[in-house]
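Enquirer: Mind having a look at this structure? Questions to follow.
The values are calculated or read from the model by the stated rules, or taken from the named source; none is laboratory data. The structure presented is a predicted model; accordingly, all values stated were derived computationally and were not measured. Note that each Cβ is placed from the backbone with ideal geometry, even for glycine, and that neighbours are counted across all protein chains shown. Heads up: the accessible areas ignore ligands, DNA and RNA and are worked out on the full protein's heavy atoms, side chains in. Shrake-Rupley method; radii C 1.70, N 1.55, O 1.52, S 1.80 Å.
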Amino acid sequence: QVQLVESGGGLVQPGGSLRLSCAASGTNFYMNIMGWYRQAPGKQRESVATITTGGSTNYGNSVKDRFTISRDNVKNTVYLQMNSLKPEDTAVYYCTGRLGNNNYWGQGTQVTVSL
């Protein structure tokens, strides 16, 4: 069974940085599109960044020039480097990956940006 496991969340001050990781297991195939979504309390889940197997990336407007998504296809792992963090980046961050016609989600990791 395919599973996605996130790590790297936590508490950081405004202007700080965090790096999230998400490893896929239970498959010998490369995940197609992998990405990160986030959901803040009382808000809808929104796309943060996505990356294809070939390395093409797409970012949400609110994180462009601050966040960088990357992946290691061999390890089936996707990363999200978050710099210049703002309080409005506070949310639960979810990893997602597509394999065939199926979308998989991680359990989420909390990111809190606060003094």
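Enquirer: Which number in (1) touching a Phe, Trp or Tyr at 6+ places or on another chain (Cβ under 6 Å); (2) part of a strand (DSSP E or B); (3) open to solvent by 30 Å² or more (accessible area, probe 1.4 Å) marks the one condition that Thr53 misses?
Expert: In the conditions (1) touching a Phe, Trp or Tyr at 6+ places or on another chain (Cβ under 6 Å); (2) part of a strand (DSSP E or B); (3) open to solvent by 30 Å² or more (accessible area, probe 1.4 Å), Thr53 misses (2) alone.
Enquirer: Shifting gears a bit: I need every pair where a residue in segment 87-101 that is within 18 Å of Ser62 (Cβ to Cβ) and part of a loop (DSSP other than H, G, I, E, B) has its Cβ under 6 Å from the Cβ of a residue that is of a type in the set (Val, Ile, Thr) and at pLDDT 95 or above, sequence separation at least 6 or different chains.
Expert: From residues that are within 18 Å of Ser62 (Cβ to Cβ) and part of a loop (DSSP other than H, G, I, E, B), the pairs are Thr90/Thr112; Thr90/Val113.
Enquirer: List every residue pair whose Cβ atoms lie under 9 Å apart, where the two residues are 6 or more positions apart in sequence or sit on different chains, the first residue falls within segment 61-80 and is farther than 18 Å from Gln3 by Cα and of a type in the set (Phe, Trp, Tyr), and the second residue, located anywhere, is part of a loop (DSSP other than H, G, I, E, B) and open to solvent by less than 50 Å² (accessible area, probe 1.4 Å).
Expert: Phe67/Gly60
Enquirer: State all residues of segment 105-115 that are open to solvent by 30 Å² or more (accessible area, probe 1.4 Å) and modelled with pLDDT of 95 or more; if no residue qualifies, say none. Can you show your working first?
Expert: Filtering segment 105-115 for residues open to solvent by 30 Å² or more (accessible area, probe 1.4 Å) gives 105, 107, 110, 112, 114-115.
Hits for segment 105-115 are Trp105, Gln107, Gln110, Thr112, Ser114.
Enquirer: Does segment 79-95 contain at least one residue that is modelled with pLDDT under 95 and charged (D, E, K, R)? Reasoning before the result, please.
Expert: Our first condition is that a residue be modelled with pLDDT under 95; within segment 79-95, this holds for none.
Looking through segment 79-95, none of the residues is modelled with pLDDT under 95 and charged (D, E, K, R).
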